[in-house]
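Below you'll find the structure, written out as C-alpha cells, and then a few comments.
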Amino acid sequence: MEIFLDTANLYDISHYRDFICGVTTNPTIMAAYAADDHKNIIGQICDMVIGHVSVEVISENFNDMVREGQEMAAWNNKICIKLPCTFDGLKACRHLSANGIATNMTLCFSSAQALLAARCGAAYVSPFIGRLDDDGCDGLSLLEEISDIYDIGGYETKLLAASVRNVNHFIQSAMLGADAITIPPSILKQCFEHHLTEKGIKIFSEDFRKSIKG
Ligand code: E4P
C-alpha cells in the first residue's frame with residue numbers, strides 16, 4: 001500500500017520522507033501551510049518525494065477545471081490533479097487523463113462515484129473514510145465495496161483511502177485492499193508507537209547496563 005502524507009507542512013514531509021511515496025494536499029491544507037505562494041511550496045514538496053503530489057483545483061466548472069489542472073500539471077511532472085467527484089469534475093478527469101495528466105478524484109463518498117472515476121481514467125480515487133464516519137456512515141464499508149468493484153471490473157484506478165482519523169483506518173485500509181492511503185502526520189506518528197516497544201527498550205537497556213556494572 002502506497003503511503004502519502006496529507007499535509008503541506010515541509011517539516012513533517014522531510015521528517016517522514018523515508019516512509020512516504022508522495023503527498024496529498026487540498027485547498028484547506030494549502031491555506032493552512034502555504035500562504036499565497038502555492039506554486040513555490042508545491043515545487044519544494046515535489047523535490048522532497050519520489051512519487052505523486054496531489055494538488056486540487058478550486059474551479060467548479062469543466063472548462064476552468066481543465067485550464068487550472070493543465071496549468072498546475074505544468075509546474076512539475078510529479079503533480080497529480082485533484083478534482084471533485086462531480087459531473088464537471090469527472091468530465092475534466094476524462095479530459096485530463098486522456099491528455100496524459102494524472103488525476104486523483106477527491107470528495108468521493110459513494111461507489112457510484114468511484115466507478116465513474118475509474119471509467120474516466122482516474123489514476124487515483126479518494127474515498128473520504130473519516131468524513132463518512134462523522135456523518136454516521138461506515139467509511140471502511142465504502143472502501144471495501146469500491147475495492148470489490150475495482151477487482152471485479154479489473155480497473156487500473158488506484159484506491160486511495162483518505163480522510164484518515166486513526167491507526168485502525170490505516171490497518172483496515174490495508175486489510176481491505178486499498179492500493180494507497182493518505183494520512184495526516186499526527187496519525188502516522190501514532191503508527192510507530194507501541195507501549196510494549198517502549199517498555200521493551202527500557203528493559204533491554206537496564207539489563208545491559210546492569211551487566212556492565214556487574
Ligand atoms: C484527501 O485527499 C484529503 O486531503 C483529506 O484526506 C481530507 O481529510 P479530512 O476529512 O481530515 O479533511
**Asked** For the subset of segment 38-93 comprising residues that are β-branched (V, I, T) and over 16 Å from the mean Cα position of the chain (by Cα), which member is nearest to F109 (Cα to Cα)?
**Response** T86
**Prompt:** When segment 171-180 is examined, which residues are found to be in a helix (DSSP H, G or I) and within 17 Å of I146 (Cβ to Cβ)?
**Reply:** Q172, S173, A174, M175
**Asked** Does segment 120-129 hold any residues that are within 16 Å of E145 (Cα to Cα) and not in a strand (DSSP E or B), and which are they?
**Response** I129
**Prompt:** So how many residues does segment 1-29 have that are without any contact (Cβ under 8 Å) to a residue 24 or more places away in the chain and either buried (at least 18 other Cβ atoms within 10 Å of the Cβ) or within 20 Å of L107 (Cβ to Cβ) (or both)?
**Reply:** 2
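Scan segment 103-123 and tell me whether some residue there is over 29 Å from H169 (Cα atoms), crowded, with 16+ Cβ neighbours inside 10 Å and in contact with an Asp or Glu (Cβ under 6 Å, 6 or more places away or on another chain).
No, because not a single residue in segment 103-123 is over 29 Å from H169 (Cα atoms), crowded, with 16+ Cβ neighbours inside 10 Å and in contact with an Asp or Glu (Cβ under 6 Å, 6 or more places away or on another chain).
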**Asked** Checking R165 against (1) without any contact (Cβ under 8 Å) to a residue 12 or more places away in the chain; (2) within 16 Å of the ligand (Cβ to nearest atom); (3) part of a loop (DSSP other than H, G, I, E, B), which test does it fail?
**Response** (1)
**Asked** So which residues in segment 94-117 are more than 17 Å from the chain's Cα centre (by Cα) and part of a helix (DSSP H, G or I), if there are any at all?
**Response** R94, H95, L96, S97, A98, S111, A112, Q113, L115, L116
**Request:** Please identify the pairs in which a residue from segment 188-206 that is within 30 Å of T24 (Cβ to Cβ) has its Cβ atom under 6 Å from the Cβ atom of a residue that is surrounded by 10 or more Cβ atoms within 10 Å (Cβ to Cβ) and among the hydrophobic types (A, V, I, L, M, F, W, C), counting only partners at least 6 apart or on another chain.
**Result:** Q190/V167; C191/V167; C191/F170
**Request:** Of all residues in segment 58-109, count the ones that are aliphatic (A, V, I, L, M) and within 16 Å of the ligand (Cβ to nearest atom).
**Result:** 8
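Every number in this text was worked out from the coordinates using simple rules, so none of it is lab data. What you are looking at is a predicted structure, and each value in this text was computed from that prediction instead of being measured. All Cβ positions, glycine included, derive from the backbone under ideal geometry; neighbour counts span all protein chains shown.
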